[in-house]
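Below is one structure; the comments refer to it alone.
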Amino acid sequence: MTSLSTELNRQIGLIIHRSGKVEFVILGDYNRIEIPVLNKIRSAGGRLRGLRCVHTSFSDTGPNEEDIMDMACLRLDMISVLTMKDGYPDLLHTAHLIPEPRDERDWHLLEPVHPAAQQQSCLALIEGIEQEFSKTRPIRTVDKGHDRAILISVGTGSRAEAEDSMIELSELARAAGVQVVDRVIQRRRQLHPRFILGRGKLIDIVLMSLRNGANLLIFDQELSPSQVRSVTNNTDLRVIDRTQLILDIFASRARSREGKLQIEMAQLKYMLPMLTTKDDALSRLTGGIGARGPGETKLEIDRRRINDRIARLAKELKAVGKQRYHRRNRRRKHDVPVVSLVGYTNAGKSTLLNTLTHSHIQAEDMLFATLDPTSRRLRFPEDTEVIITDTVGFIRQLPAELLKAFESTLEELFEADLLLHIIDISNQAWKEQARVVEELLRKLELDKIPCLRVYNKIDLVRDNLPSQVKNGLCISAQESETLKELLGMMEHMLIDMSTAKK
């Protein structure tokens, strides 16, 4: 290596597996060497990668800042720098990660030795390092198929806003069946265009993932395709953003055919700009009659297939939408008033529907526990009959793809004679949640339909009811005796609206 490096006047590096097999040979320039993307090499959450890097250097010092950064971000077993003198090996400088910082450093530099005088077993040293990391965290559940995530929020706003949003992200992760092992909040004057956060903080997060056995990073902000690729390539951890997390929750909860079609369309539209080719040679896969010339790359074929699938889904959703339209027409012919429940997710809409109509639809203390719209008949004390409908809950930063995909479902709201805006009064952020719902209703042009504010879960705040509660009714959806005033108000408003129409 030193002989070739001197002859070429370039740094030469080797990526070596623990078995001793050389996985990559890297040719750098005089001053630096760049490690390629290692996504084809085995890497499990919370573990070192099983690879070490050894490269030559024309300076007489050990690993520089870039070497340490590569070792940390790529979770290398260790990195060794071989200095040279007159074309011959001089000293081997080796650094490795450590589970607990020493002297404000998350890595340790071994005493430099001549390669011929190396006595310590490299494999024994690496196994010892991994054992130290394993002592600082619980038994790995990642390898058993359970995701362990670090939540990350990077923004330019206030820390209080970031913490509120992080609480909601934690609830979303819980709804997706992900175990949250740590949280990181970073405020920046300007977001990094490539990594969204600083590379120093990125190193801290990688070391945090090693200590906690994490295999997933969930960002509270929406990431661009290039940012996802950059963070993934430089950390070797799976990376998703808030939008993808919500889409995954919806995909796991959709039960009806329409819901599944809507979610698949939203996911495909989200995935389309994320596509990138992994074939560096851009090999052509088609040609001949009908495809003279260069043909198509695999990337182009994948994009075309996704676009074709989106077009087919749009046709199927249109057909399902027509069926829903006919059902609404039948309701209109019978002149049955419609009351729709709207509100932030987990505000208690499904519980209220169950209590009012003695139904048993799924209702859990979890974000997006129910997605598919549900309609039930409700009879008022004065023998007036109405249809009461529960729709999907809203949330801040609701993905645009999702809102568009659920257009046909949300059309149910346009047929409503009365909207009940259910607000979780026990949530500290209830005012912000109510504002989000009202803003989305305006965006959907539903703000012209009469709307009654219903403050739910007063059983949790009876002794400390916020003074800002006004222009609405206070109820507990689980206690039917608190709903009498609500039923009377609903009936009164519907009668007044019916009288006004005549």
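Could you tell me whether ILE475 is in contact with a Gly (Cβ under 6 Å, 6 or more places away or on another chain), at pLDDT 85 or above and not acidic (Asp, Glu)? So that I can check it myself, show each step before the final result.
Numbers: in contact with a Gly (Cβ under 6 Å, 6 or more places away or on another chain): no; at pLDDT 85 or above: yes; not acidic (Asp, Glu): yes.
When the stated conditions are applied, ILE475 does not pass them.
Beta carbons closer than 9 Å, at least 6 apart along the sequence or on distinct chains, pair a first residue in the stretch 1-29 that is among the basic types (Lys, Arg) with a second that is open to solvent by 50 Å² or more (accessible area, probe 1.4 Å) and not in a loop (DSSP other than H, G, I, E, B) for ARG10/LEU4; ARG10/LEU27; ARG18/LEU123; ARG18/GLU127.
Every residue, every condition in (1) in a loop (DSSP other than H, G, I, E, B); (2) in contact (Cβ under 8 Å) with a residue 60 or more places away in the chain; (3) crowded, with 18+ Cβ neighbours inside 10 Å; (4) of a type outside the set (D, E, K, R), yes or no:
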{"residue": "ALA416", "(1), (2), (3), (4)": "yes, yes, yes, yes"}
{"residue": "ARG442", "(1), (2), (3), (4)": "no, no, no, no"}
{"residue": "ASP447", "(1), (2), (3), (4)": "yes, no, no, no"}
{"residue": "ASP496", "(1), (2), (3), (4)": "no, no, no, no"}
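What do you reckon, is LEU420 at pLDDT 85 or above, among the aliphatic types (A, V, I, L, M) and open to solvent by less than 40 Å² (accessible area, probe 1.4 Å)? Yes, satisfied.
Please go through the stretch 92-106 and pick out each residue that is open to solvent by less than 60 Å² (accessible area, probe 1.4 Å) and not hydroxyl-bearing (Ser, Thr, Tyr).
First, the residues of the stretch 92-106 that are open to solvent by less than 60 Å² (accessible area, probe 1.4 Å): 92-99, 106.
Answer for the stretch 92-106, where residues must be open to solvent by less than 60 Å² (accessible area, probe 1.4 Å) and not hydroxyl-bearing (Ser, Thr, Tyr): LEU92, HIS93, ALA95, HIS96, LEU97, ILE98, PRO99, ASP106.
The condition (being surrounded by fewer than 16 Cβ atoms within 10 Å (Cβ to Cβ), out of contact with any strand residue (DSSP E or B) (no Cβ under 9 Å at 6 or more places or on another chain) and modelled with pLDDT of 85 or more) is satisfied by just one residue among SER480, SER467: SER480.
Considering GLY62, GLY87, the condition of being over 25 Å from ARG148 (Cα atoms) and surrounded by 14 or more Cβ atoms within 10 Å (Cβ to Cβ) is satisfied by GLY62 alone. Of the strands (runs of 3 or more DSSP E) lying entirely inside the stretch 167-263, those containing at least 2 residues that are open to solvent by less than 20 Å² (accessible area, probe 1.4 Å) are 216-219, 238-241. Considering ASP248, ASP220, which residue is charged (D, E, K, R), more than 25 Å from ASP70 (Cβ to Cβ), in contact with a strand residue (DSSP E or B) (Cβ under 7 Å, 6 or more places away or on another chain) and modelled with pLDDT of 85 or more? Within the list ASP248, ASP220, the selection yields ASP220.
The values are calculated or read from the model by the stated rules, or taken from the named source; none is laboratory data. Note that the structure is a prediction, hence the values are computed from the model and not measured. Positions of Cβ are generated from backbone atoms using ideal geometry, with glycine treated the same way; all protein chains shown enter the neighbour counts. We work out accessible area using only protein heavy atoms, side chains counted, and drop any ligands, DNA or RNA first. Shrake-Rupley method; radii C 1.70, N 1.55, O 1.52, S 1.80 Å.
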